[in-house]
Structures are given as C-alpha cells and as structure tokens.
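In what follows, a structure is listed as structure tokens, so that the remarks can point back to it.
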Amino acid sequence: MNTSQLRKFYEQGGPYATVYFEGRSPSADADTQLRLRWSDLRERLSSAGADESLLESIDAIVLIDEPTEVHTDGRTIVVNSQGVQLDAHWDAALGDGDDAHYGDVPELGAYLRQECRQFDVVLVIAGQDGATVRELSVTPDRERSEFDGVHVTGDNDEDINKPRRGAYSHNQIRRRVDEIIKDHARSVADFVDRLITDHAPDAVVLAGEVQGRTAVKAELSVKAEELLHEISEGGDDDEGAEEAIDVAVRTLVTSLAQEREAANSERLAESKAHDRAVEGRAEVEKAVGRGAVATLLLDDAEASEGEAAIVAQAVLSSADIGLSHDPMPDGIAAILRYDVGSALAD
C-alpha cells in the first residue's frame, strides 16, 4: 500500500483522535443507535484528554440529519487541531468495530489492514450489444463499494436481433451481426483502457454471456490483458446473475489478497537471505526511525505493541505498508532500503 496520501496529515502533528464505527444493518432507529454509539466513544475520548474542538469536528460528521450511511457503511475518522484529516468508509466485522483512540499519532492499524486487502476492480459484464462496466472496491470479507456503472456500446445502433428483409443471405446477416458485435466490443475495450489509465485498477474482471465475453476479450489491449480475470457467470439482467457475479468477484479478490500476502512473505524471506530485512519490534523501530524501511509488514490479523508509532514513522519516511500471514517476531517486520549493518549502525 502506498502511503503518500496519508503523509500529509501525519506531517501536521498531533494529538489525534481516531474513531472507528463498524457497519451495521439498516434500521428505522439508525439515528438513535448512532448517537448512542458516538456518545460512548465521545466520553472515552474526552476522558483521555481530547480537546472539545476535536470532538466537535467528529460531531459534524456523525450528528447529521441523515446518519444512515455512517451507521450502515461504517467509518474511520481522524481529526487533529487542523480539522478532519480522514473520513473514510470502513466496514468492520460486526461486533469488532466501534473504537476510539486519542494520542500523539493516529491509530490506523485496523484501517490499513482493510486498505491492504482492498482491490479496485473494473467489472465488465459483456453482451452482444456492448457491456455494462462498473468500478468496484472489494475486500474479501466486506460489502463491496460500487460506483455508478455505464453501458458501453459502439457507434452502430442497429438492433442485431431485429429480423432483416430483402436479399440478405444467412451468411450476409451473420457477417453483419458479427461486425456490429465487434464494433461494440472495440468501444468497450477502449473504455476499459481509459479507466486503466485514469484510475489504475488492480484487476479487470470480464463476466457475461460467452459470445459477448469472447468479442470483448479479443479487443482488449495488452495492458488490460495483464489485469484480466475471466469468470463464467452470466449477465446482469436478473438478481440471481448479480449474486453469482458478486460471489465470483469476492472469491477472486480473496485469492488475490492471499497471493499479495504470500508475495510479501516471499519478499521478506528473500530480503532476509540478502541481509536486507529485520523482524521484531526493537529492530524495526530502530530501522524505521532512521528512514531505512522500504516496506513495513504488519501481521494480517493482530496489531503489535507500539504499532501506531512505528506506522507513523514509516509513513513519514515514505515506506510502503503490507500484510503478511506468516508468523513474524512481535508481529512486525521490515524490508530495508539497504543492508542491515548500515540500517542499524550506531
């Protein structure tokens, strides 16, 4: 995970109030529930020494006329004396989520673990008349966030299913239909390329009926093919198909997240073999304080002691952050920019 966007508010300095609201089921009394949840967290922050101005900044996010979105989607909120620094979707597992912290650095471990597992996906549901293209943010175990989709077609608006009269032979009709399908597919491929250029997604998922998928796949660019994952689930015309696509996409993202963590573990092992990695809190803390860390690796499930301060140093030194499923001493490790001797030398 690239942390450059977070660096701006780390540079401002604390103290910070960090609040997590888990996502909960929609309900008629969402307003009341959220007020009660925030009242408890607010009291905790106040008791810890948080200034009233920081709490009022969070009031402005939570105590609104329509709080349903915060209640159902969840939130990570970080504020300091400069105002709101982070107000982001965060959907904790039910029962684990609501939490509040006040300190010199923000407590972003839970947020970062979710972000490291999140994949931006371009979903292409192909048909013979083009494709519905959607941009999704997906994690293995959360509800997906979806931006408005668009149906993309070619310039030819002729109905390929409309009966044709006249002297057309069957072969001529078939060729004409194929030309129209190919025209639609080219437009879809061009649209996907623009999304890749503008938004740099992690994956392109091609779904839909077979002929439409085949036509679009044949027109995709090399850069799109490098990100491509094809699934056999059908179109977007009924609820069952939508559910099948959702399950397939989530299954794919689960696999991609596992591959990403496995790659991090492999990089760590290789770096250790070349004397360019450290493990355990003491050595990681020393290395990150000297700006020697290229990638900070966190345990994918549990926060380590003193993690927030180490993460802050990593972000301020432009280190990337990743997760590892494999055991690490103290649940933390670092891949270094140069060898251990130079990184830890007094």
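The table for this structure:
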item: Rounded tilt (10° steps) of 30-47 against the dominant C-alpha axis of the chain; result: 30 degrees
item: Computed helical MRE - 222 nm, the chain, DSSP H runs ≥ 4 contributing -39500 (n - 2.57), nearest 500; result: -14500 deg cm²/dmol
item: Under the Karplus curve 6.51 cos²θ - 1.76 cosθ + 1.60, θ = phi - 60°, whole-Hz ³J(HN,Hα) for region 180-191, x wherever Gly or Pro sits; result: 5, 4, 5, 4, 4, 5, 4, 5, 4, 4, 5, 5
item: Lys/Arg +1, Asp/Glu -1 at C-beta; the chain dipole; positive extreme among Gly331, Gln128, Ala110; result: Gln128
item: Solvent-accessible area, 1.4 Å probe, carbon plus sulfur percent, for the chain; result: 45 percent
item: From phi via Karplus (6.51, -1.76, 1.60), per-residue ³J(HN,Hα) for region 49-61 in Hz, x at Gly/Pro; result: x, 5, 5, 4, 5, 5, 5, 5, 4, 6, 3, 5, 8
item: Per-residue HN-Hα couplings for region 103-109 [Karplus 6.51, -1.76, 1.60; θ = phi - 60°; Hz; x = Gly/Pro]; result: x, 5, 10, x, 9, 10, x
item: Segment Ser53-His199, extension gain: residue separation times 0.36 nm, minus the distance between their alpha carbons; result: 49.0 nm
item: Full-extension gain in nm, Arg35 to Lys286, via 0.36 nm per residue minus C-alpha separation; result: 86.2 nm
item: Acute angle (nearest 10 degrees) that the helix 210-219 long axis makes with the longest principal axis of the chain, alpha-carbon atoms; result: 70 degrees
item: Count, lysine Cα pairs under 24 Å in the chain, 8 or more residues apart or across chains; result: 5
item: Ordering of 60-66, 244-250, 204-210 by packing [mean C-beta count within 10 Å, highest first]; result: 204-210, 244-250, 60-66
item: Probe 1.4 Å, protein heavy atoms only - accessible area per residue of the chain in square angstrom; result: 50 Å²
item: Rounded to 10°, Cα long-axis angle of helix 307-316 versus longest principal axis of the chain; result: 70 degrees
item: Charge dipole (debye, nearest 20) of the chain; +1 at Cβ of Lys and Arg, -1 at Cβ of Asp and Glu; result: 1120 debye
item: Gained length - Ser4 relative to Asp190, 0.36 nm times residue gap less alpha-carbon distance; result: 64.0 nm
item: Separation of alpha-carbon centers, region 178-214 and region 300-324, rounded to whole Å; result: 37 Å
item: Three-way shape label, the chain, alpha-carbon gyration tensor, a/c 1.5; result: oblate
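The values are calculated or read from the model by the stated rules, or taken from the named source; none is laboratory data. Because the structure is predicted, anything quoted here is derived from the model rather than measured. Neighbour counts run over all protein chains shown; Cβ positions are idealised from the backbone, glycine included. Ligands, DNA and RNA are stripped out before the accessible areas are found, and what is left, the full protein with its side chains, is counted by its heavy atoms. Shrake-Rupley method; radii C 1.70, N 1.55, O 1.52, S 1.80 Å.
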